[in-house]
Amino acid sequence: MNIVIVETDGPVRWHVNLTSSGQWIGVCEALGLTAKGKSLDDLRQSVEWSIQRFMEELTSMGEFDSFLRERGWRGTRAVGKPPQNGAQYQIPIQLVIHFGYTGGA
């Protein structure tokens with residue numbers, strides 16, 4: 001499997017809140033993604049899955065490199081093949097937990 005390491009200017013932040021119904025919701029403005037989970041561990045897995053699918057979609061549309069370039073990021077291939085749908089994408093993330101409930105479900 002190809003591994004693509006996304007180099008950023010620091011961890012990509014996910015702002016996390018606990019809803020009144022007990023769901024954890026994460027929002028990442030830099031990637032335009034949201035994720036949810038029943039626990040923080042579940043949320044982290046959902047975040048990683050969301051990032052993987054998003055990067056695969058960018059790659060399949062031929063927009064991966066331009067997306068990274070627009071943000072001052074770059075992708076480094078840990079294995080010598082170009083990225084493709086079978087690649088595993090690694091990007092540094094940080095979950096920023098905000099205390100207090102949100103009104104979401």
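Brief remarks on what is shown
- Within the shell defined by Cβ-Cβ distances under 15 Å, the residues around Met55 carry a net charge of -2, with Lys and Arg each +1 and Asp and Glu each -1.
- Cut-off 13 Å (backbone N to label point 7 Å along Cα→Cβ of Trp73), residues of segment 8-46: 8-14, 28-34
- Against the main long axis of the alpha-carbon atoms of the chain, helix 40-60 sits at an angle near 30°.
- Using the Cβ-Cβ distance between Lys38 and Gln88 with R0 = 35 Å, the FRET efficiency computed as 1/(1 + (r/R0)^6) comes to roughly 0.90.
- Computed on the Cα trace of segment 3-102, the radius of gyration divided by the Kirkwood hydrodynamic radius gives Rg/Rh = 1.01.
- Neighbour net charge for Leu68 - beta-carbon separation under 15 angstrom, K R +1, D E -1: -3
No lab work stands behind these numbers, since they all come straight from the coordinates. As the structure is a prediction and not an experimental result, all values here were calculated from the model. Because the Cβ atoms are built from the backbone with ideal geometry, glycine has one as well, and the counts that use them run over all protein chains shown.
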